[in-house]
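Reviewing the structure listed below.
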Amino acid sequence: MPRITVSSVFVDDQEKARRFYTDVLGFQVKHDVPLGDARWLTVVSPEVPDGTELLLEPDGHPAVRPYKDALVADGIPATYFEVDDVRAEADRLRGAGVRFTQEPAEMGEVIVAVLDDTCGNLIQLLQHA
Amino acid sequence: MSDDLFKALADPTRRTILDELVDTDGQTLFELCGRLAMKHGLSSSRQAISQHLGVLEAAGLVSTRREGRYKFHYLDATPLHSIAARWIDPTERT
């Protein structure tokens with residue numbers, strides 16, 4: 001039975017992404033392995049250090065930027081993170097200068113908000129009500 | 001008065017889109033689709049909602065603004081004044 005151990009987002013700059021995902025969002029680096037001109041750079045939640053890793057993958061392939069731009073224009077998130085309190089987390093992140101394209105809103109059984117990760121992606125925060 | 005206005009208002013999904021923009025003005029396509037699906041049980045595809053927005057925009061009821069890399073949709077109720085002017089205001093004047 002397969003398990004989800006790594007998921008990925010395409011980032012425009014791995015070092016900038018490392019800083020945003022750790023310093024701002026609060027993840028911690030799990031693996032940082034040099035691979036030629038790129039790195040195998042993954043982060044995890046400090047609450048679940050052995051949980052699913054997020055790979056911060058370079059977006060240099062010519063197909064990736066147009067794909068990301070089209071998703072961002074329509075407000076579509078690249079991936080989803082769960083938090084205990086979306087409104088409190090949105091307040092904290094806004095205070096840190098993070099831009100939201102969707103303020104916290106109840107959508108059925110969840111409360112969701114969408115932020116810009118500054119690396120070319122939108123990220124949805126999700127709280128189970 | 002444009003027939004586009006009445007055609008746009010004739011569709012219940014499009015009226016719901018306007019309701020949601022009254023609730024929160026300035027939404028991405030993604031947020032609108034989420035609200036329609038979760039709050040109203042409307043299972044239209046993203047493409048279908050995008051087409052509905054195009055009809056509303058053609059009727060002047062929705063305007064879109066690009067802010068940097070994002071695109072937001074806003075309600076513009078101005079065309080509805082033409083309805084009031086045609087049928088409501090004349091009776092008020094008598």
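The values are calculated or read from the model by the stated rules, or taken from the named source; none is laboratory data. Quantities reported herein were computed from a predicted structural model and do not represent experimental measurements. Because the Cβ atoms are built from the backbone with ideal geometry, glycine has one as well, and the counts that use them run over all protein chains shown. Each accessible area value is taken on the protein alone, full model and side chains, heavy atoms only, with ligands, DNA and RNA left out. Shrake-Rupley method; radii C 1.70, N 1.55, O 1.52, S 1.80 Å.
Brief remarks follow.
- Restricting attention to region A:1-65, close to 60% of DSSP beta bridges with both partner residues there are antiparallel.
- Note that region B:41-46 has calculated 3J(HN,Hα) couplings of x, 8, 9, 5, 6, 4 Hz, one per residue in order, obtained from phi through the Karplus relation 6.51 cos²θ - 1.76 cosθ + 1.60 (θ = phi - 60°); glycine and proline are x.
- Normalised per residue, the accessible area of the protein assembly as shown is 55 Å², obtained with a 1.4 Å probe and no contribution from ligands, DNA or RNA.
- Classified by the C-alpha gyration tensor, chain B has a prolate form. Its axis ratio a/c, with a ≥ b ≥ c, is 1.5 or above, and a/b is larger than b/c.
- Note: relative contact order over region A:16-87, using C-alpha pairs below 8 Å and six or more positions apart, is 18 percent.
- Selected from B:ALA37, B:GLN51, B:THR16, residue furthest toward positive end of dipole (region B:1-53; charges at beta carbon): B:ALA37
- Accessible surface buried upon A-B contact (total; probe 1.4 Å; Å², nearest 100): 1500 Å²
- Cross-link pairs B:LYS7/B:LYS39; B:LYS39/B:LYS71; A:LYS30/B:LYS39; B:LYS7/B:LYS71 - those with Cα-Cα distance over 29 Å: A:LYS30/B:LYS39
- Cα gyration tensor, the protein assembly as shown - rounded (a/c under 1.5), prolate or oblate: prolate
- Charge dipole of the protein assembly as shown (Cα centre as origin; +1 on each Lys and Arg Cβ, -1 on each Asp and Glu Cβ, all else neutral): 420 debye, rounded to the nearest 20.
- Extension gain, A:ALA38 to A:ASP69: 0.36 nm times the residue separation minus the Cα-Cα distance gives 9.0 nm.
- 5 angstrom amide H check on A:GLN102, placed H, neighbours 5+ away: A:VAL114
- Beta bridges from DSSP with both residues in region A:1-127: antiparallel share about 65 percent, rounded to the nearest 5.
- Counting Cβ atoms of other protein chains within 10 Å of each residue's Cβ and taking the mean over peptide A:68-75 gives 5.
- Antiparallel DSSP beta bridges within the protein assembly as shown, as percent of all bridges there, nearest 5: 75 percent
- Angle in degrees between helix A:86-95 and the longest Cα principal axis of chain A, rounded to the nearest 10: 60 degrees
- In degrees, nearest ten, helix A:64-73 long axis to first principal axis of chain A (Cα): 10 degrees
- Charge-dipole axis of region A:1-89 as Lys and Arg at +1 and Asp and Glu at -1 on Cβ define it, positive-most pick from A:VAL72, A:LEU41, A:TYR21: A:LEU41
- Given chain A, longest segment not containing exposed loop GluC sites (Glu not before Pro) (DSSP; at most 12 other Cβ within 10 Å): A:48-108
- Rolling a 1.4 angstrom probe over the protein assembly as shown with all protein chains present gives an accessible area of which 52% lies on carbon and sulfur atoms.
- For region A:14-19, 3J(HN,Hα) computed residue by residue from phi via the Karplus equation (6.51, -1.76, 1.60; θ = phi - 60°) reads 5, 5, 4, 5, 4, 5 Hz, glycine and proline entered as x.
- Phi angles of region A:110-126 translate, via the Karplus equation with coefficients 6.51, -1.76, 1.60 and θ = phi - 60°, into HN-Hα couplings of 10, 10, 9, 8, 10, 10, 9, 7, 6, 10, x, 10, 9, 10, 9, 8, 9 Hz per residue; Gly and Pro are given as x.
- Whether region B:16-70 is rounded, prolate or oblate, judged on the alpha carbon gyration tensor where a/c under 1.5 counts as rounded: rounded
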